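First up is the structure itself, then whatever we jot down about it.
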Amino acid sequence: MRRMWGVLSVLLLTFGASVTLSAQEPGKPATSGRTNGFQLEQNYPNPFNPETKIPFVLGEGLFASGRPVVVTLRIFNLLQQMVAIPVALNHPAGEGVKLKQLEYTQPGRYEAFWDGKDINGRPVASGIYFMQLTVNGVSQYKRMYVLK
């Protein structure tokens with residue numbers, strides 16, 4: 001039991017340290033959310049049960065080339081296992097489309113919705129989860145809490 005807590009502590013510290021920084025792609029320097037043109041905002045409500053909305057902002061600089069940006073949003077547990085992929089709200093592809101490799105053509109503030117269920121449709125347990133927003137290959141993370 002003591003070993004399990006030690007492993008969980010290391011995982012928390014390792015993954016928790018990356019929460020405040022963007023994920024670093026191989027060969028790319030780490031950047032903050034303000035310099036890479038997008039921002040993952042805190043979900044609301046937080047803590048939540050059973051569902052939450054996740055806002056994010058895509059800045060004008062992302063669209064300077066005239067090409068759409070590719071966006072993915074994923075939910076992970078403390079063991080860094082993917083738990084779910086939320087759905088996009090008010091996306092041109094339609095309501096309820098999984099936010100996985102979705103193209104956005106205009107800057108603005110957008111939202112995703114997560115029903116608190118895993119990829120198999122089962123409600124997740126109470127605890128800490130991480131949301132990862134990836135835009136054109138660059139990621140940002142934030143914590144969220146499920147409380148039942």
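The values are calculated or read from the model by the stated rules, or taken from the named source; none is laboratory data. Just so we're clear, the structure is a prediction, and the values are computed from it rather than from any experiment. When we count neighbours, we look across all protein chains shown, and the Cβ atoms used for this are built from the backbone with ideal geometry, even at glycine.
For the range 79-148, the strands (runs of 3 or more DSSP E) that sit wholly inside it and include 2 or more residues that are in contact with a Phe, Trp or Tyr (Cβ under 9 Å, 6 or more places away or on another chain) are 82-84, 87-89, 108-114, 127-135, 138-146.
The single condition among (1) at pLDDT below 95; (2) touching a helix residue (DSSP H, G or I) at 6+ places or on another chain (Cβ under 8 Å) that Val69 does not satisfy is (1).
Every test in (1) within 23 Å of Ile119 (Cα to Cα); (2) at pLDDT 50 or above; (3) within 16 Å of the chain's Cα centre (by Cα) is passed by Asn49 save one, and that test is (3). Residues in the range 77-119 that are touching an Asp or Glu at 6+ places or on another chain (Cβ under 8 Å) and among the β-branched types (Val, Ile, Thr): Val83, Val87.
Might you let me know whether the range 55-69 holds any residue that is part of a strand (DSSP E or B), closer than 12 Å to Phe130 by Cα and within 13 Å of the chain's Cα centre (by Cα)? No, the range 55-69 contains no residue that is part of a strand (DSSP E or B), closer than 12 Å to Phe130 by Cα and within 13 Å of the chain's Cα centre (by Cα).
Exactly one residue among Gln24, Gln42, Gln101, Gln80 is modelled with pLDDT of 95 or more and under 14 Å from Val138 (Cα atoms), and that residue is Gln101. For the range 47-69, filtering for residues that are free of Cβ contacts under 8 Å to residues at least 60 places away in the same chain and touching a Gly at 6+ places or on another chain (Cβ under 6 Å) leaves 2. Scanning the range 37-54 for residues that are buried (at least 19 other Cβ atoms within 10 Å of the Cβ) and outside any strand (DSSP E or B) yields Gly37, Asn43. For the range 70-111, the candidate set comprises residues that are free of Cβ contacts under 8 Å to residues at least 24 places away in the same chain and within 14 Å of the chain's Cα centre (by Cα); within that set, the residue that is nearest to Leu40 (Cα to Cα) is Lys98.
In the range 112-127, the qualifying residues are those that are in contact (Cβ under 8 Å) with a residue 60 or more places away in the chain and hydrophobic (A, V, I, L, M, F, W, C), and the one that is farthest from Leu58 (Cα to Cα) is Trp114.
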